[in-house]
Amino acid sequence: MDNPLLHETGLPAFSRIRPAHVEPAIRTVIERSRAQVEEILAAAQPPRWDNLVMPLEAMEHRLARAWAPVGHLNAVHNTAALREAYNACLPILSDFGSELGQHEGLFRAYERVLAEQGPELAPGQRKILEDALRDFRLAGVALPPAERARFRAIMQELSMLGARFEEHLLDATQAWRLEVHDPARLDGLPEDARTRAREAAQSRGLDGWALTLDFPAYHAVMSHATDRELRREFYTAWVTRASECGPTAGRFDNGPVMEEILRLRHEAARILGFEDYAELSLATKMAPSVAEVRTFLEDLARRSRKAALAEMEAIRQFAGQPLEAWDIAFWSERLREHAYEVSDEELRPYFPADRVMQGLFETAGELFDIRIVPGGKVDTWHDDVEFFRIENADGSVLGHLYTDLYAREQKRGGAWMDECVGRARLAGIEALPVAFLVCNFMPPTGTRPGLLSHDDVVTLFHEFGHCLHHLLTRVDWPSAAGINGVAWDAVELPSQFLENFAWHPTVIERLSGHFESGAPLPREMLERLIASRNFQSAMQMLRQVEFALFDIRLHGRAPVDAAGVVAELEAVRREIAVVPYPGFNRFAHGFSHIFGGGYAAGYYSYKWAEVLSADAFSLFEERGVMDPEAGRRFRECILEVGGSVDALEAFIAFRGRPPEPEPLLRLSGIGTDTLSAA
């Protein structure tokens, strides 16, 4: 049987990939890789960059290429059969990763290459070797045999637990639906949300409207529904997903999953000699210590809280009534409309998705001297998917991009960028980078195209910043190409940097136009939108700091049970939060960034990198927001170097000095007094 996952050139044949292909392909690639490792070691006498590192980079590139479409399909088209196949491979992949990480022969060979050849290698090559040696140690290569085996088993279990956490959250989200038969209950809901709810009911053979917990529907209800009881029902269903309480209580409970994840992470950290998992997590990041991260976050909270309290009081005064958690988004949107005479629904017709994408591509093209054009007809996983080619100004191809913008069933919530193919120029391999850009925007209806809120536009710019980091890399070694090898607390620099352009009048004019008439966004509406940028920015700052403090404190202590996790979050909220939270709020049970993703003891990275991104953008403010020289420098110093240069060194090369925190405080409208930071 021809297995499309084993094709080592071209683009994935998504329509031909079946669940039955997955495990045989991964086992085949791993078996080949295991044999190649021994062959490479035997031939590398003495070990050198070209005879050891290059062939191993090629081997890992092939494995990543086989697995990337599987992980992607599991996120965007999650069927029971694919989930089973995906989960069957997680322990196999984890075990092989541990096998490589604990391979003493490889470790000694890498040590020898660095010691004997290091001075003559390029700085990027030396960094790859140094990072690899660090990762060998963090994989347990120096442990006694029993502890090494235990560490390997823990990594296997953690890979499966993270997937289970995500599955519980997706299943809980899709398990809840509210059927509405009284149109009065939908008062205030935008037309698109009503139409989509009607179509959802009809597709299920139901009368009336069917409201689901996909994020566009949830956001529409919480921000616009005048029926307070409807908002309470939605809020309760949302914040109790995958927990022991709420409408799906116990069916998909992530409580035991969290407990086991925390226990195993702590055990792994202690085996490696760290005090706790937070210390282990920071071993690969820019931040020098857990204490400095906590100080950074607590300082941000302290400087934001007074303004946040004032913002919360303004909502209460405007509402003129006691507020519960399910009232905050609704009255915030009403206050924003009143204060700035602008609303998401008034703006949405001016941001049709196709026009926004065109404007985004034009902006990136002007900034970085590239062209982004349709990539022709290719095999995809859904009719919504579009494909683009990224070119240099001279027409040479840099990479390709898939976009999948709209929410649907069997698709994980949120927005993200992921790697489809990494850049590689190695013996026998010439691969250009290919990226996935995935969002969950309100889909088109029968009568209207996909229309974005301005928040959606900012999200799109954020994820496209990650894509540019992957696509514009000039590094030929996969382990340091694009986002690979970049310290996790710097990886958000390009994404958060690009968000700032979504607020600039020149850019907004370029990417907006009424979906029916093509008329530009009226000047006065544009000015009101820009004026609203820092509306409740202190509350938003505190919310992100709340998540980050909870994360770093939870992983900086002995493991706790599910009740202890909830108690830790409640303690952080008592200390810094300004919004009311009900006792049944189970946010942690759905916090997939830290339990199902790569942000464990690393969620602070968003704010840490925001210091970098705001300071980077300040150069464009000084020179002109579309200044080509500043764009060239950002491309060359940040986007092209990937993980081949230390993140702080890369920033200094771009900015001419270390990062300063004042631009973040100024952009946030919070204040400009000194902040301790990266």
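At a glance:
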| quantity | calculated |
| --- | --- |
| Any chance Leu498 is touching a Gly at 6+ places or on another chain (Cβ under 6 Å), part of a helix (DSSP H, G or I), buried (at least 24 other Cβ atoms within 10 Å of the Cβ) and not small (Gly, Ala, Ser) | yes |
| Scope region 24-48; condition in contact (Cβ under 8 Å) with a residue 40 or more places away in the chain and buried (at least 17 other Cβ atoms within 10 Å of the Cβ); matching residues | Ala25, Ile26, Ile30, Ser33, Val37, Leu41, Ala44, Pro47 |
| Given (1) crowded, with 18+ Cβ neighbours inside 10 Å; (2) modelled with pLDDT under 95; (3) in a helix (DSSP H, G or I), number of the condition Cys637 does not satisfy | (2) |
| Selection from region 581-631 of residues that are more than 23 Å from Glu662 (Cα to Cα) and either under 14 Å from the mean Cα position of the chain (by Cα) or at pLDDT below 95 (or both) | Phe591, Ser592, His593, Ile594, Phe595, Gly596, Gly597, Gly598, Tyr599, Ala600 |
| Restricting region 373-395 to residues that are assigned to a loop (DSSP other than H, G, I, E, B) and among the aliphatic types (A, V, I, L, M), the residue that is modelled with the lowest pLDDT | Ala393 |
| Single unsatisfied condition, Ala571 versus (1) surrounded by fewer than 19 Cβ atoms within 10 Å (Cβ to Cβ); (2) touching a residue at least 40 places away in the same chain (Cβ under 8 Å); (3) among the aliphatic types (A, V, I, L, M) | (2) |
| Those residues of region 239-257 which are under 18 Å from Leu178 (Cα atoms) and in contact (Cβ under 8 Å) with a residue 40 or more places away in the chain, in sequence order | Val239, Thr240, Arg241, Ala242, Cys245, Gly246, Pro247, Thr248, Arg251 |
| Single unsatisfied condition, His103 versus (1) surrounded by fewer than 21 Cβ atoms within 10 Å (Cβ to Cβ); (2) closer than 17 Å to Arg412 by Cβ; (3) not β-branched (Val, Ile, Thr) | (2) |
| Residue check, Leu405 part of a strand (DSSP E or B) and buried (at least 16 other Cβ atoms within 10 Å of the Cβ) | yes |
| Answer from Gly124, Gly71, Gly140 - the residue that is more than 27 Å from Asp50 (Cβ to Cβ), over 25 Å from the mean Cα position of the chain (by Cα) and touching a residue at least 12 places away in the same chain (Cβ under 8 Å) | Gly140 |
| Residue match in region 230-246 (condition: under 30 Å from Asp646 (Cβ atoms), touching a Phe, Trp or Tyr at 6+ places or on another chain (Cβ under 7 Å), buried (at least 16 other Cβ atoms within 10 Å of the Cβ) and not basic (Lys, Arg)) | no |
| Test: Leu161 is outside any helix (DSSP H, G or I), touching a residue at least 24 places away in the same chain (Cβ under 8 Å), crowded, with 18+ Cβ neighbours inside 10 Å and out of contact with any Lys or Arg (no Cβ under 7 Å at 6 or more places or on another chain) | no |
| Residues of region 458-474 that turn out to be surrounded by fewer than 24 Cβ atoms within 10 Å (Cβ to Cβ) and assigned to a loop (DSSP other than H, G, I, E, B), as a count | 1 |
| Residue match in region 355-367 (condition: part of a helix (DSSP H, G or I) and free of Cβ contacts under 8 Å to residues at least 24 places away in the same chain) | yes |
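The values are calculated or read from the model by the stated rules, or taken from the named source; none is laboratory data. The shown structure was predicted, so the numbers you read here are calculated from the model rather than taken from an experiment. Here Cβ is always computed from backbone atoms with ideal geometry, including for glycine, and neighbour counts include all displayed protein chains.
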